[in-house]
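Everything below concerns the one structure shown next.
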Amino acid sequence: MRKSMLALVSTVLLASSLAACGGNDKNNGGSSAQPSPSASATSSGEATGDSGAAEISGTITFLTNRTDMIDKEYVDYAKRFKEKYPNAEVRFEAVTDLDKTTKIRIASGEFPDVVLIPTIPNSDLPKYFAPLDDLGLNDRIYFKDYKAYDGKVYGISAGATTTGIVYNKKAFADAGITEIPTTLDEFYAAAEKLKASGVVPLASNFKDQWPLYPWASEVPSSIAGNANLNNERVNSDAPYQMDNPYGQAMTIIRTMHEKGYLEPDVNSTNWEQSKKDVASGKFAMYMLGNWVIPQVADSGTTSDNVGFFPFPYDNSGKVNVALAPDWGYGVNKDSKHPETAKAFVKWMLEDSGFDAFAGFIPVLKDIEPNVPQLAEFNSFGPTYIEAVPDDEVATEIVNKAQITKEAVVQEFVLSKDPQSVFDKYNAAWAKAKSAVGK
């Protein structure tokens with residue numbers, strides 16, 4: 001199974017060029033061949049961050065968003081890292097609002113040795129982070145240029161993800177759903193059957209906000225068939241329209257809410273509890289990435305009861321899906337123990353097993369993926385839309401306008417007049433765009 005999965009995912013990843021590895025080339029075309037793992041990547045002529053345990057010493061801290069791993073898996077990680085590097089120690093600090101918290105921390109100049117890089121322009125990366133090119137991984141990783149600037153790699157993704165419907169198979173069977181929906185109408189019909197059976201069709205985690213991200217980014221990009229959709233907002237003073245991919249995507253979750261297919265009270269949802277509810281079949285589905293699959297399986301069910309299929313956002317029977325890097329590891333350029341911090345990043349990618357635990361497609365090309373649900377997902381023949389680096393101007397406008405994409409979704413779903421929500425954010429966008437001179 002693992003070999004067949006590797007072949008399947010490799011076919012997906014090699015079928016079209018990784019646009020994120022194309023530097024400033026925003027097109028999805030280009031060579032379909034990916035470089036194979038190179039023996040020279042870790043030759044003695046290139047630093048690897050693993051040049052000797054004696055050089056790897058001191059205590060470092062890793063700032064993470066995985067609050068669920070504190071006092072659990074991270075205890076084991078710390079022990080195993082120390083076994084490899086006896087003179088070093090790693091500590092873990094977890095936060096819930098990772099992007100906002102990390103931005104504040106790095107702006108203050110005081111932040112941990114290793115962090116997950118927040119949404120800042122790539123041109124700002126050298127201000128805060130150390131280059132990782134000396135780890136000997138550049139020829140082995142996907143999305144090499146996603147967190148790079150001026151030819152140097154400053155961040156390496158923790159793993160790759162695609163987004164779709166994660167579902168409880170027993171809940172589907174008990175509701176009489178015998179075929180996986182491949183059109184939007186069929187999806188609504190399946191949700192109606194689930195609701196009639198006493199199950200909450202879709203766990204939105206509305207109150208927690210961040211789980212709404214697919215409706216503002218992945219789904220619109222999939223509808224457009226364009227990984228550059230978010231970047232191309234710089235060409236418009238009013239990027240949010242009811243009849244464009246943003247409006248179409250958010251209208252779907254608004255419809256789900258109106259039909260009673262989300263939690264009964266979307267303002268009192270709870271992320272951690274929702275995993276148990278999906279596992280038990282109280283809730284039937286998530287609209288999230290493959291990373292959530294093992295979390296559901298570990299919350300009261302078995303992996304073979306968890307399925308995964310592409311989200312059918314229209315009635316064409318064809319579907320695009322996003323393939324994107326997760327958060328990227330970055331090393332504080334002012335760390336007191338930079339070599340230890342780099343060694344930890346490399347250890348996380350090569351030795352920790354985090355990608356399997358997290359349900360990721362490994363970012364290292366020579367590590368086999370270990371998510372069996374991807375076989376079901378790919379059996380529907382989705383077209384992968386591969387992520388490109390964020391455009392710096394678009395990021396600057398978003399930050400200046402203080403637009404939180406998940407908040408846009410929340411307001412759009414709950415407003416009596418969703419057009420007014422778009423009008424509000426279009427105005428903020430246009431003002432910020434003008435302020436940055438675009």
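Quick notes on this one:
Yes/no matrix, rows are residues, columns are (1) touching a helix residue (DSSP H, G or I) at 6+ places or on another chain (Cβ under 8 Å); (2) hydrophobic (A, V, I, L, M, F, W, C); (3) farther than 23 Å from PHE357 by Cα:
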{"residue": "LEU132", "(1), (2), (3)": "yes, yes, yes"}
{"residue": "LEU137", "(1), (2), (3)": "yes, yes, no"}
{"residue": "LYS144", "(1), (2), (3)": "yes, no, no"}
{"residue": "THR182", "(1), (2), (3)": "no, no, yes"}
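- Exclusive hit being within 22 Å of VAL296 (Cα to Cα) and touching a Leu at 6+ places or on another chain (Cβ under 7 Å), set ASN370, ASN378: ASN378
- ILE56 passes every criterion in (1) at pLDDT below 95; (2) over 24 Å from THR101 (Cβ atoms) apart from (1).
- Subset of the range 331-377 (residues that are among the basic types (Lys, Arg) and modelled with pLDDT of 95 or more): LYS333, LYS336, LYS342, LYS346
- The single condition among (1) touching a residue at least 40 places away in the same chain (Cβ under 8 Å); (2) on the phi < 0 side of the Ramachandran plot; (3) open to solvent by less than 60 Å² (accessible area, probe 1.4 Å) that ASP139 does not satisfy is (3).
- Here LYS275 does not qualify as surrounded by fewer than 17 Cβ atoms within 10 Å (Cβ to Cβ) and among the basic types (Lys, Arg).
- The residues in the range 241-273 that are of a type in the set (Phe, Trp, Tyr) and in a helix (DSSP H, G or I) can be counted, and the count is 2.
- When PHE380 is tested against the conditions (1) open to solvent by less than 20 Å² (accessible area, probe 1.4 Å); (2) within 28 Å of ALA279 (Cα to Cα); (3) hydrophobic (A, V, I, L, M, F, W, C); (4) modelled with pLDDT of 95 or more, the lone failure is (1).
- Subset of the range 201-218 that is open to solvent by 20 Å² or more (accessible area, probe 1.4 Å) and not basic (Lys, Arg) - its residue that is farthest from ASN320 (Cα to Cα): ASP208
- Of all residues in the range 278-310, those that are of a type in the set (Phe, Trp, Tyr), closer than 27 Å to LYS365 by Cβ and open to solvent by 10 Å² or more (accessible area, probe 1.4 Å) total 1.
- Single condition LEU323 does not satisfy, out of (1) in contact (Cβ under 8 Å) with a residue 12 or more places away in the chain; (2) under 18 Å from PHE311 (Cβ atoms); (3) surrounded by fewer than 24 Cβ atoms within 10 Å (Cβ to Cβ): (3)
- Selection over the range 369-401 of residues that are of a type in the set (A, V, I, L, M, F, W, C) and farther than 28 Å from VAL234 by Cα gives a count of 5.
- Residue match in the range 156-171 (condition: open to solvent by 20 Å² or more (accessible area, probe 1.4 Å) and either over 25 Å from ILE367 (Cα atoms) or free of Cβ contacts under 8 Å to residues at least 40 places away in the same chain (or both)): yes
- From the options VAL363, VAL413, VAL388, residue that is open to solvent by less than 40 Å² (accessible area, probe 1.4 Å) and touching a His at 6+ places or on another chain (Cβ under 7 Å): VAL413
For (1) of a type outside the set (Lys, Arg); (2) in a loop (DSSP other than H, G, I, E, B), each residue gets a yes or a no:
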{"position": "LYS275", "(1), (2)": "no, no"}
{"position": "VAL278", "(1), (2)": "yes, no"}
{"position": "VAL292", "(1), (2)": "yes, no"}
{"position": "VAL296", "(1), (2)": "yes, no"}
{"position": "SER299", "(1), (2)": "yes, yes"}
{"position": "ASP304", "(1), (2)": "yes, no"}
{"position": "ASN315", "(1), (2)": "yes, yes"}
{"position": "LEU323", "(1), (2)": "yes, no"}
{"position": "VAL331", "(1), (2)": "yes, no"}
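- The range 58-77, subset in contact with a strand residue (DSSP E or B) (Cβ under 8 Å, 6 or more places away or on another chain) and surrounded by fewer than 16 Cβ atoms within 10 Å (Cβ to Cβ), residue nearest to TRP271 (Cα to Cα): THR67
- Residue within the range 337-350 that is over 18 Å from LEU137 (Cα atoms) and in contact (Cβ under 8 Å) with a residue 12 or more places away in the chain present: yes
The values are calculated or read from the model by the stated rules, or taken from the named source; none is laboratory data. If you're wondering where the values come from, they're calculated on a predicted model, not measured in any experiment. Because the Cβ atoms are built from the backbone with ideal geometry, glycine has one as well, and the counts that use them run over all protein chains shown. Side chains are part of the model used for accessible areas, which takes the heavy atoms of the whole protein and leaves out ligands, DNA and RNA. Shrake-Rupley method; radii C 1.70, N 1.55, O 1.52, S 1.80 Å.
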